[in-house]
C-alpha cells in the first residue's frame with residue numbers, strides 16, 4: 001500500500017496473495033483511492049488487480065471450466081485495454097504431475113488467447129509467470145538448468161504463448177542486458193546484495209501497446225524493505241492517446 005500511494009500506477013497486478021477472499025484487505029486499497037478485484041484462498045495462490053478506475057469487465061480463470069484456475073487468473077478491461085494477470089503454476093519437480101500441469105496450463109492459456117482475443121487488439125499479459133526465458137534471466141544458468149522455471153520444456157511452452165502475438169516489454173526496453181531480476185529466494189543468504197536472482201515476473205503486450213511503450217524497469221526498493229516479498233515490482237509505462 002505505501003508503494004501504491006507513492007507511485008500511483010493506473011493498474012497494479014498482484015499474484016500469490018495467499019489470502020482467502022474474506023480476509024483480503026480491500027478497505028486498505030479503497031482508502032488509498034483504488035478499486036480492487038481479487039480471488040484467492042488461504043495459504044496458496046491468489047491474484048488481485050488494483051486500479052484507479054473501475055474495470056469495465058472482469059472475469060476469473062480460464063474458460064474451460066477448471067475452478068482451480070480462478071485463483072490464478074484475472075482478466076480485466078480498462079478503457080478498451082485487456083489486462084490478463086496470472087500466477088502460473090510453479091511446477092515443483094520435473095518428474096511430477098505438477099510439472100505436467102504447468103505445461104498444460106501454458107497450453108490452455110495459449111488457447112484462451114487464440115479463441116478470445118485478436119493479437120491486433122490492445123492486450124497485456126503479466127504476472128508471476130514462473131519462467132526465466134533466457135540464460136541472461138538467471139544468475140547461474142549452468143547450475144540452474146533443469147529447474148522447473150528454467151528448462152527447455154517450459155521455454156517451449158512459454159514461447160508458444162508468446163507466438164500468439166506478445167512481446168516482452170522488459171526485453172524491448174533492455175535487450176541483451178544481464179543482471180536484472182525480479183525474484184530473490186529468501187533461502188539464499190544475501191541474495192539481493194549478491195545479485196543471485198531470477199527474472200520470472202513479466203509484462204508482455206500485443207503490438208498495439210508495445211509500440212506505445214515508454215519504459216519498463218524493475219523497482220528494487222520494495223524488495224529491500226523491512227519485511228519484503230521475495231519478488232519485487234516490475235513497472236511498464238505506456239503512452240496514452
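Nothing in this text is a laboratory measurement; each read-out follows from the coordinates by a stated rule. Since the model is a prediction, treat every value here as computed from it, not as a measurement. In this analysis, Cβ positions are derived from the backbone assuming ideal geometry, glycine residues included, and neighbour counts consider all displayed protein chains.
Which numbered condition in (1) free of Cβ contacts under 8 Å to residues at least 24 places away in the same chain; (2) in contact with a helix residue (DSSP H, G or I) (Cβ under 7 Å, 6 or more places away or on another chain) is the only one that residue 233 fails?
(1)
Could you figure out which of (1) without any contact (Cβ under 8 Å) to a residue 40 or more places away in the chain; (2) crowded, with 23+ Cβ neighbours inside 10 Å isn't true of residue 134?
Of the numbered conditions (1) without any contact (Cβ under 8 Å) to a residue 40 or more places away in the chain; (2) crowded, with 23+ Cβ neighbours inside 10 Å, the odd one out for residue 134 is (2).
For segment 137-148, give me the residue count where each residue is surrounded by 21 or more Cβ atoms within 10 Å (Cβ to Cβ) and within 25 Å of residue 71 (Cα to Cα).
So the first thing to find is which residues in segment 137-148 are surrounded by 21 or more Cβ atoms within 10 Å (Cβ to Cβ), and the list is 137-138.
Remaining after also requiring within 25 Å of residue 71 (Cα to Cα): none.
Result for segment 137-148: 0.
Give me the residue from segment 30-45 that is at negative phi and assigned to a loop (DSSP other than H, G, I, E, B) and, out of that set, surrounded by the most Cβ atoms within 10 Å (Cβ to Cβ). Before the answer, list the steps.
Of the residues in segment 30-45, the ones at negative phi are 30-32, 34-42, 44.
Then drop every residue that is not assigned to a loop (DSSP other than H, G, I, E, B), which leaves 32, 34, 40-42, 44.
Details: 32: 15, 34: 23, 40: 25, 41: 15, 42: 12, 44: 14.
Across segment 30-45, the extreme among qualifying residues is 40.
Give segment 1-28 a look and list any residue that's touching a helix residue (DSSP H, G or I) at 6+ places or on another chain (Cβ under 7 Å) and touching a residue at least 60 places away in the same chain (Cβ under 8 Å), or say none. Walk me through how you get there before you give the answer.
As a first pass, look at segment 1-28 and keep what is touching a helix residue (DSSP H, G or I) at 6+ places or on another chain (Cβ under 7 Å): 1, 3, 12.
Within segment 1-28, 3 is the sole residue that qualifies.
Being in contact (Cβ under 8 Å) with a residue 40 or more places away in the chain and more than 17 Å from the chain's Cα centre (by Cα) is the filter; apply it to segment 31-65 and report the residue that is farthest from residue 12 (Cα to Cα).
Residues of segment 31-65 in contact (Cβ under 8 Å) with a residue 40 or more places away in the chain: 45-47, 50-53, 62-64.
Retained after the next criterion (residues that are more than 17 Å from the chain's Cα centre (by Cα)): 52-53, 63-64.
Values: 52: 9, 53: 11, 63: 23, 64: 26 Å.
Among those that are in contact (Cβ under 8 Å) with a residue 40 or more places away in the chain and more than 17 Å from the chain's Cα centre (by Cα), it is 64.
Could you tell me which of the residues 158, 113, 78, 99 is over 17 Å from the mean Cα position of the chain (by Cα), farther than 30 Å from residue 28 by Cβ, surrounded by 15 or more Cβ atoms within 10 Å (Cβ to Cβ) and in contact (Cβ under 8 Å) with a residue 12 or more places away in the chain? Reasoning before the result, please.
Values: 158 fails: over 17 Å from the mean Cα position of the chain (by Cα); 113 fails: over 17 Å from the mean Cα position of the chain (by Cα); 78 fails: farther than 30 Å from residue 28 by Cβ.
Result: 99 is the single residue among 158, 113, 78, 99 that is over 17 Å from the mean Cα position of the chain (by Cα), farther than 30 Å from residue 28 by Cβ, surrounded by 15 or more Cβ atoms within 10 Å (Cβ to Cβ) and in contact (Cβ under 8 Å) with a residue 12 or more places away in the chain.
If residue 165 meets every condition in (1) part of a helix (DSSP H, G or I); (2) surrounded by fewer than 21 Cβ atoms within 10 Å (Cβ to Cβ) apart from one, which number is that one?
Going through the list (1) part of a helix (DSSP H, G or I); (2) surrounded by fewer than 21 Cβ atoms within 10 Å (Cβ to Cβ), residue 165 breaks only (1).
For segment 40-65, which positions are under 20 Å from residue 113 (Cβ atoms) and touching a helix residue (DSSP H, G or I) at 6+ places or on another chain (Cβ under 8 Å)? Give the steps one after another, and end with the answer.
Narrowing segment 40-65 to residues under 20 Å from residue 113 (Cβ atoms): 47, 49, 55-65.
Scanning segment 40-65 gives 47, 60, 61, 62, 63, 64.
State yes or no: is residue 72 surrounded by 17 or more Cβ atoms within 10 Å (Cβ to Cβ), touching a helix residue (DSSP H, G or I) at 6+ places or on another chain (Cβ under 7 Å) and within 30 Å of residue 197 (Cβ to Cβ)?
On the way: surrounded by 17 or more Cβ atoms within 10 Å (Cβ to Cβ): yes; touching a helix residue (DSSP H, G or I) at 6+ places or on another chain (Cβ under 7 Å): no; within 30 Å of residue 197 (Cβ to Cβ): yes.
No; evaluated as a whole, the condition is false for this residue.
Considering only residues that are part of a helix (DSSP H, G or I) and under 28 Å from residue 217 (Cβ atoms), which ones fall in segment 7-29?
Initially, segment 7-29 is screened for residues part of a helix (DSSP H, G or I), giving 7, 21-23, 26-29.
Those that are part of a helix (DSSP H, G or I) and under 28 Å from residue 217 (Cβ atoms): 7, 28, 29.
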